[in-house]
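Below you'll find the structure, written out as structure tokens, and then a few comments.
Every read-out reported here was derived from the displayed coordinates using simple, explicitly stated rules and does not represent laboratory data. The structure displayed is predicted, hence computed values, not measured ones. Quick reminder, even Gly has a Cβ in these numbers, built from the backbone with ideal geometry, and neighbours come from all protein chains shown.
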Amino acid sequence: MCILIFSTAFFTWIPNVVSVIAISGFMFGFGLAAGPITWVYLADILPEYGVSFCVSSVWVWTTLNAFLFNYIVASIGISFTFLIFIICTLMCIVFIIFKLKETKDKT
């Protein structure tokens, strides 16, 4: 939700304060909800070598995202950059809801 507000801020020229609040809210919500799912789920379902591979993969993609962000913004603009992130986030939510297996009482 917060990232939607952030993206809207660039389309309607809402002051930058709203953008900062929206990004901060997104980071807070991600840290409480979707962020830890990766680490808990990996530890529950994979053997030790699988966890190390997946954690390495997460860090490689995070680093690429951090380095390429400015290039993407320069080429398509900030609004469409965050629109891409919104679409990716929605696809992740659908994947989590429909494809991830329940791990209750498995460990």
Exercise. Within the bounds of region 61-72, is there any residue that is in contact with a Phe, Trp or Tyr (Cβ under 7 Å, 6 or more places away or on another chain) and aliphatic (A, V, I, L, M)?
Worked result: no
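Quickly run through region 73-86 and pick out the residues that are aliphatic (A, V, I, L, M) and under 10 Å from the mean Cα position of the chain (by Cα).
Of everything in region 73-86, just one residue is aliphatic (A, V, I, L, M) and under 10 Å from the mean Cα position of the chain (by Cα), namely ILE86.
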For this session: Tell me which residues, restricted to region 26-43, are without any contact (Cβ under 8 Å) to a residue 24 or more places away in the chain and over 21 Å from LYS101 (Cα atoms).
Result: MET27, PHE28, GLY31
Exercise. If VAL73 passes every condition in (1) under 24 Å from ALA33 (Cα atoms); (2) surrounded by 12 or more Cβ atoms within 10 Å (Cβ to Cβ) but one, which one does it miss?
Worked result: (1)
Exercise. Is there a residue being loosely packed, with under 10 Cβ neighbours inside 10 Å, in contact (Cβ under 8 Å) with a residue 40 or more places away in the chain and not in a helix (DSSP H, G or I) anywhere in region 95-105?
Worked result: yes
Seminar exercise, completed: So, first residue more than 22 Å from ASP105 (Cα to Cα) in region 44-64, second residue not in a helix (DSSP H, G or I), Cβ within less than 8 Å, six or more apart or across chains; the pairs are CYS54/LEU46
